[in-house]
1. Can you tell me which of 139-145, 172-178 comes out highest on packing, and rank the rest after it, using the mean Cβ neighbours within 10 Å?
2. Helix 76-116 versus the longest principal axis of the chain: what is the Cα-based angle in degrees, 0 to 90, to the nearest 10?
3. Mind grabbing the accessible area of residue 33 for me, 1.4 Å probe, Å², rounded to tens?
4. On the full set of protein chains, 1.4 Å probe, figure out the accessible area of residue 51 and give it in Å² to the nearest 10.
5. Quick check on the chain: helices-only [θ] at 222 nm, where DSSP H runs of length 4 and up contribute -39,500 (n - 2.57) each and the sum goes over total residues. Nearest 500, please.
6. May I ask for the angle, rounded to the nearest 10°, between helix 131-157 and the longest principal axis of the chain, with both axes built from Cα atoms and the value confined to 0 to 90°?
7. Let me see the P(r) profile for the chain: every Cα-Cα distance counted, bins of 5 Å, each bin given as a percent of all pairs.
8. Can you give the angle from 0 to 90° between the axis of helix 21-40 and the longest principal axis of the chain, with both taken from C-alpha atoms, to the nearest 10?
Amino acid sequence: MPRRTLPPPPPPVYLRTWPDRNALLYDRGMALEDLRRRSLGVHRILLLWLFALGCVIGWALLTVPLEMFEDHDPLAFVMGPVCAVLGLGALAPSVVGVVIAMRDDRKIRELTDSWLALDSHPASDSALRSPGLSLCWLLSSLAVCALGLWASFAAAAYAEPGRDSYSDVALGMGTGLILWLTGLIGIVKAVGHYRWAIRRLGPAPAPDGTHR
């Protein structure tokens, strides 16, 4: 997965060469805005869902050998290993991608804290709250999480003996679990951002300019 280089951390005190505070605030604002987009941008939600789709495809391919063995398909010994390899080939990179993205989020949070510590500029720092993007993460993740729970329970509760095989149940429950975990990751991210904004930036100002 191609990754753009993150903004560097602010230089140490003895290497800072900003001519005045305005220049410092300009570079600080540019770095913080870039970090905000990388953390909460809509492209990050789509990337998470893309990884989830890769996991679902991989899991579906892994259940194919089980279905073939249940149907006593003579090609099971040939196609089974092929489907298993293809399934792992789709599943493993998606899992690794999620892990890398979570590590990037932690690095982005550390860089954001470092740039915030340089100075204080409430007028521009308030944009870091990103209430709209944070709410988008929360609501969409809740929907995905609910869909995953429904898929898991429906696969187990409505399976008909003699009609639905073990592979069908495994496919439904596995897909539901993947969706549930995907939604849970998004919910944790949205709630974590909200708590971070309260801790670092303070309560959001009310429309009349006072703090809530």
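The values are calculated or read from the model by the stated rules, or taken from the named source; none is laboratory data. These numbers come from a predicted model, not from an experiment. Note that each Cβ is placed from the backbone with ideal geometry, even for glycine, and that neighbours are counted across all protein chains shown. For accessibility, only protein heavy atoms count, side chains too; no ligands or nucleic acids. Shrake-Rupley method; radii C 1.70, N 1.55, O 1.52, S 1.80 Å.
1. Values: 139-145: 17.9, 172-178: 20.6.
Taking the mean over residues of other Cβ atoms within 10 Å, the ranking is 172-178, 139-145.
2. Relative to the chain, helix 76-116 is tipped by roughly 10 degrees.
3. Per-residue accessible area (residue 33): approximately 60 Å².
4. Estimated to the nearest 10 Å², residue 51 gives 30 Å².
5. Details: 6 runs with 157 residues, N = 212.
-26500 deg cm²/dmol, from helical runs alone.
6. Relative to the chain, helix 131-157 is tipped by roughly 20 degrees.
7. The percentages, shortest bin first, are 1, 6, 12, 14, 13, 12, 10, 8, 7, 5, 4, 3, 2, 1, 0, 0.
8. 10
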